[in-house]
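Quick notes on the structure that follows.
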2 protein chains.
Amino acid sequence: MSKPTILVTNDDGIYAPGLRALIDMMREFGRVIVVAPNKPHSGKSHAITIDSPLRLFKQREEEDYVEYATNGTPVDCVKLGEKVALDEKPDLLVSGINHGSNATVNVVYSGTMAAVIEGCMSRISSIGFSLDDYSQDADFESSRKYIRDIVRNTLENPLPEGNCLNVNIPAVPFNQIKGVRVCRQGLGYWDERFDHRVDPRKREYFWLTGEYVSIDGFEDTDEWALKNNYVAVVPMQFDWTSHEMIDKLKALNQDV
Amino acid sequence: MSKPTILVTNDDGIYAPGLRALIDMMREFGRVIVVAPNKPHSGKSHAITIDSPLRLFKQREEEDYVEYATNGTPVDCVKLGEKVALDEKPDLLVSGINHGSNATVNVVYSGTMAAVIEGCMSRISSIGFSLDDYSQDADFESSRKYIRDIVRNTLENPLPEGNCLNVNIPAVPFNQIKGVRVCRQGLGYWDERFDHRVDPRKREYFWLTGEYVSIDGFEDTDEWALKNNYVAVVPMQFDWTSHEMIDKLKALNQDV
């Protein structure tokens, strides 16, 4: 194939080491356009900016490489990338490498994966990468071979329309990663509470805090794969219908 | 059943007429706790606030009624409602009535429906209501009978864990609504562009704009129901795995 165009974004912001590692890996494959937020947007999910104008600042330009920062969200980055920076669909969209896991239901809150789902909705082959390590000095090098293989595979075999990939990488040295597992999203919930404090003006405020509770650590889940040092690859889609409930509800609602 | 506790939220903000209409409808059923954002959060999806403290202001308290405003997002409202305002799970969570449709893929961007999915993830029976009319003086009265029936049904038959409802109501007078249709989420995409402008300081800025393109207006979709003056009820869930892709990917990735 001729040199592919790859759109790169993330939710940790344009200076995040995980983004820098991913850019470096993507430049081996072709022309790279980066559109990333100018500040962190973790937990911002699929938010878009509709009540204020968006800015797009070109930060760097080299052969086969352009980098933009924006005041927008990760999903805005995908829209700006396709419609302004490129004015065409890229061959591939990659988001990450996120500092921290986006396995299980965390995908619902994730800005990294929202960018991927946005790409998927816009009919672009899209992949999110996350490393199971929140620290700023996380080691992204051990994931290089796996990310490269998954990207090469996806460039050769674009994902069917309506499908994207959520890739989570265990935070262990390369020689401890056991391989790739294609799996489903594990289910669970956050057992949360609020840390209740009082400010110097005697007004209350709250910080969200909590722990993840797994209810579904089976061998076919991303949670299991990650815990057992596999790279977890979950194919995702954006039809959120609970298809199995349709007939049950039809029966219940027949009197409405 | 004894008097149920109903948590009410929205994404248009605490003063939105749609929220006021929903509160009024819910007070017929039991004890109502409102936790709503102090400003509009349309398009904020499943965003949560993790980088700044949350505030919760009690605005009004009457028998079986308490109302709070917060600086948080719709999803924060659900967490604050359950963990701070109530300190227990409500019997039902309702979100809306949104000013504008949340049918088809709009559900992905919606703060109204993100609150519902959050309730669902927290194992609360949860329903989102949206009226297909963006105006501030939309007529919510024609939806009263349908909302009341759906809420009564759901209080009597709580939704199975992991399922919630997305209810979209056509913007027509009551006598033109043809009934309720249980359906699936219609698929399509936004054909977007950016309105490109220059500010007085000669810097560029962009406004997102575009039209929805349907690729799936079949009779079993919410899009069809709404267009044909039915109340569209879509059961939803938060497992985003593309289950049918798992085996295909396993075949493709066997060399990785």
Can you name the residue in region B:54-89 that is within 24 Å of residue B:43 (Cα to Cα) and of a type in the set (A, V, I, L, M) and, of all such residues, is nearest to the other protein chains (Cβ to nearest Cβ)?
-> B:54
Kindly provide the set of residues from region A:203-256 that are touching a residue at least 12 places away in the same chain (Cβ under 8 Å), of a type in the set (S, T, N, Q) and within 11 Å of chain B (Cβ to nearest Cβ), ordered by number.
-> A:209, A:221, A:237
Qualifying residues in region B:28-47 (those that are hydrophobic (A, V, I, L, M, F, W, C) and crowded, with 24+ Cβ neighbours inside 10 Å) - the one nearest to the other protein chains (Cβ to nearest Cβ) = B:47
Please work out if residue A:123 is within 18 Å of the chain's Cα centre (by Cα) and surrounded by fewer than 16 Cβ atoms within 10 Å (Cβ to Cβ).
-> yes
Would you pick out the residues in region B:169-202 that are among the aliphatic types (A, V, I, L, M) and either under 30 Å from residue B:90 (Cβ atoms) or more than 7 Å from chain A (Cβ to nearest Cβ) (or both)?
-> B:169, B:171, B:172, B:177, B:180, B:182, B:198
Select from region A:64-88 the residues that are in a loop (DSSP other than H, G, I, E, B) and either touching an Asp or Glu at 6+ places or on another chain (Cβ under 8 Å) or touching a residue at least 24 places away in the same chain (Cβ under 8 Å) (or both) and write down the one among them that is surrounded by the most Cβ atoms within 10 Å (Cβ to Cβ).
-> A:73
Residue that is farthest from the other protein chains (Cβ to nearest Cβ), among those in region A:125-168 that are under 20 Å from residue A:225 (Cα atoms) and assigned to a loop (DSSP other than H, G, I, E, B) | A:139
For residues that are part of a loop (DSSP other than H, G, I, E, B) and among the basic types (Lys, Arg), scanning just region B:169-221, find the one that is nearest to residue A:162 (Cα to Cα).
-> B:178
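Considering each of B:103, B:138 in turn, give the residue that is over 28 Å from residue A:119 (Cα atoms) and among the small types (Gly, Ala, Ser). Show your work before the answer.
Details: B:103 fails: over 28 Å from residue A:119 (Cα atoms).
Result of the check over B:103, B:138: B:138.
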Of the conditions (1) touching a strand residue (DSSP E or B) at 6+ places or on another chain (Cβ under 9 Å); (2) without any contact (Cβ under 8 Å) to a residue 60 or more places away in the chain, the single one that residue B:24 does not satisfy is (1)
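Here, each number is a calculation from the coordinates, and none is a lab measurement. Because the structure is predicted, anything quoted here is derived from the model rather than measured. Note that each Cβ is placed from the backbone with ideal geometry, even for glycine, and that neighbours are counted across all protein chains shown.
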